[in-house]
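The values are calculated or read from the model by the stated rules, or taken from the named source; none is laboratory data. On a predicted model such as this, the values are computed, not experimentally measured, just so you know. Cβ placement follows ideal geometry from the backbone for every residue including glycine, while neighbour counts extend to all protein chains displayed.
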Amino acid sequence: MKPVAFVHVSRVREGDDYWGGYISELHLADHLSEESLNGLDEFSHIEVIFMFDKVADEKVCWTSRHPRGRADWPKVGIFAQRGKSRPNKLGLSRCRVLEVSGRVIRVEGLDALEGTPVLDIKPWMEEFSVRGEVQQPDWSHELMTHYYDDFE
């Protein structure tokens, strides 16, 4: 798999919260034509699939753990959480498109670090939104309390 773009953002430090104050640029990879972005500016949001490339192999979780290492939250399987230490090191974010210009997409809401390889970009369509009522455990609401707050 080859990256389709690379993230450029001022955030270089890993962290679990405070992603709200960042504007990211996705710079299209050299092997792709600018035409691959034609029409993307007509969408308000995109989904970005990216690689947690800075996660060391020995940090990958293959079973279960307490989210963020907090023993007061239940120990749950890696597929019941969205942590970066996943078996295939894949991240997924839904981002607001601010601008598409040439080979660059400016977005907000991307929780990826400087230099992160982007594996795919997809337009978000209303029809892909959830169907039915959303259910999630209480600890997950607490975990997300400051996730998209502005800078620390």
Conditions (1) free of Cβ contacts under 8 Å to residues at least 40 places away in the same chain; (2) under 28 Å from residue 150 (Cβ atoms); number of the one not met by residue 48:
(1)
Within the stretch 85-105, of all residues that are closer than 16 Å to residue 47 by Cβ and touching a residue at least 60 places away in the same chain (Cβ under 8 Å), the one surrounded by the most Cβ atoms within 10 Å (Cβ to Cβ) is 105
Of the conditions (1) modelled with pLDDT of 95 or more; (2) within 19 Å of residue 7 (Cβ to Cβ); (3) within 17 Å of the chain's Cα centre (by Cα), the single one that residue 44 does not satisfy is (2)
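Do we find a residue being surrounded by 14 or more Cβ atoms within 10 Å (Cβ to Cβ), over 18 Å from the mean Cα position of the chain (by Cα) and not aromatic (Phe, Trp, Tyr) anywhere in the stretch 128-139?
Step one: filter the stretch 128-139 for residues surrounded by 14 or more Cβ atoms within 10 Å (Cβ to Cβ), giving 139.
Narrowing further to those that are over 18 Å from the mean Cα position of the chain (by Cα): 139.
Among the residues that remain, those that are also not aromatic (Phe, Trp, Tyr) are: none.
No, every residue in the stretch 128-139 fails to be surrounded by 14 or more Cβ atoms within 10 Å (Cβ to Cβ), over 18 Å from the mean Cα position of the chain (by Cα) and not aromatic (Phe, Trp, Tyr).
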Taking the options 69, 20, name whichever one is out of contact with any His (no Cβ under 8 Å at 6 or more places or on another chain), more than 28 Å from residue 129 (Cα to Cα), of a type outside the set (Lys, Arg) and modelled with pLDDT under 90.
69
Condition first: assigned to a helix (DSSP H, G or I), farther than 25 Å from residue 34 by Cβ and either of a type in the set (A, V, I, L, M) or under 16 Å from the mean Cα position of the chain (by Cα) (or both). Can you find one or more residues in the stretch 99-120 that meet it?
no
Do we have any residue at all in the stretch 78-93 that's part of a loop (DSSP other than H, G, I, E, B), among the basic types (Lys, Arg) and more than 29 Å from residue 28 (Cα to Cα)?
no
Of the residues 112, 80, only one is under 22 Å from residue 143 (Cα atoms) and exposed (fewer than 15 other Cβ atoms within 10 Å of the Cβ); which?
80
